[in-house]
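The values are calculated or read from the model by the stated rules, or taken from the named source; none is laboratory data. Keep in mind that what you see is a predicted model, and the values were worked out from it rather than measured. Cβ sites come from the backbone with ideal geometry, for glycine too, and all protein chains shown count toward neighbours. Each accessible area value is taken on the protein alone, full model and side chains, heavy atoms only, with ligands, DNA and RNA left out. Shrake-Rupley method; radii C 1.70, N 1.55, O 1.52, S 1.80 Å.
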Amino acid sequence: AISACEKGQQWERALELLAQMEVCGVQPDVISYNAAISACEKGKQWERALELLAQMEACGVQPDVISYNAAISACEKGKQWERALELLAQMEACGVQPDVISYSAAISACEKGKQWERALQLLAQMKARSVRPNTIS
């Protein structure tokens, strides 16, 4: 149901469903959180996406590459390039390996923030870590 809200760009409803799960005694899992973070990303609600990422960790649910990618994309859409880079560093510190989507979203965030030097640094970092760039990168 949360994924349906994501696809329908109903981020508020996605957050309501996530809260209802907890009220009903059902612990949301990484998939539930990822769908809610993605719904916030699609709804251009970067602050909410970051709140959900923090909530996941507080509840003992380990974010995965999809969690971080959705949060980085939310920051990219919200023109929050510094936060996107913070998330990229955070995911690595937590042992989650960034993929081409992680880097592409962070590069795009830098581009929107007119941070072309940082974007080039990320591109070099991708290559150094054997992450193959795509057309977006």
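Could you say whether any residue in region 23-30 is modelled with pLDDT of 95 or more and open to solvent by 10 Å² or more (accessible area, probe 1.4 Å)?
Yes: region 23-30 contains one or more residues that are modelled with pLDDT of 95 or more and open to solvent by 10 Å² or more (accessible area, probe 1.4 Å).
Scanning region 38-64 for residues that are in a helix (DSSP H, G or I), among the hydrophobic types (A, V, I, L, M, F, W, C) and open to solvent by less than 50 Å² (accessible area, probe 1.4 Å) yields Ala39, Cys40, Trp46, Ala49, Leu50, Leu52, Leu53, Met56. Return the residues of region 80-92 that are outside any loop (DSSP other than H, G, I, E, B) and at pLDDT 95 or above; say none if nothing qualifies. Trp81, Glu82, Arg83, Ala84, Leu85, Glu86, Leu87, Leu88, Ala89, Gln90, Met91, listed by residue number.
Taking the criterion of being at positive phi and at pLDDT 95 or above, no residue of region 32-54 qualifies. Open to solvent by 90 Å² or more (accessible area, probe 1.4 Å) and modelled with pLDDT of 95 or more, is that true of Arg129? So Arg129 does not fit the description; no. The residue list Gly95, Gly113, Gly78 contains one member that is in contact with a Lys or Arg (Cβ under 7 Å, 6 or more places away or on another chain) and over 22 Å from Ala39 (Cα atoms), which is Gly113. Inspection of region 96-104 identifies at least one residue that is open to solvent by less than 50 Å² (accessible area, probe 1.4 Å), of a type in the set (S, T, N, Q) and under 23 Å from Lys127 (Cα atoms). Every residue in region 96-137 that is part of a loop (DSSP other than H, G, I, E, B) and β-branched (Val, Ile, Thr), please. Passing the criteria: Val96, Val131, Thr135, Ile136. I'm checking my understanding of the structure. Among residues of region 65-84 that are open to solvent by 60 Å² or more (accessible area, probe 1.4 Å) and within 13 Å of the chain's Cα centre (by Cα), which one is nearest to Met21 (Cα to Cα)? This residue is Ile66.
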